[in-house]
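The structure appears below as structure tokens.
What follows is calculated from the coordinates using simple rules that are stated; it is not laboratory data. Just so it is clear, the structure is predicted and the values come from calculations on it, not from any experiment. Don't worry about glycine lacking a Cβ; one is built from the backbone with ideal geometry, like all the others, and counts go over all protein chains shown.
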Amino acid sequence: MKTTDGPYLGVDHVAQYTPQDELHAAVDALKSANVPIIRAPVERGGGWTVNFLDPDDTQFEFHSGTLAERMKIQSWLLGER
């Protein structure tokens, strides 16, 4: 949501853990249903990820990495080794 006098509020997308062996099948199902995919399947953040839009243009993400794996990578990037 955008305010009239400031920055965006809220979240920019909703992420869901999806096991890697199911993620690529889910992508095929999204494509078959003509769901807009805005980031093709790519390996990043400790797993495979794909971003897509629902009918209201809310961005969703399926990611095969766990939150713990993503936090390790984020900590490393921030120099918190």
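Here the extension length gained between His13 and Ile37 equals 7.3 nm, from 0.36 nm per residue of separation less the Cα-Cα distance.
Other residues with beta-carbon under 13 Å from the beta-carbon of His13 carry, at +1 per Lys or Arg and -1 per Asp or Glu, a net charge of -4.
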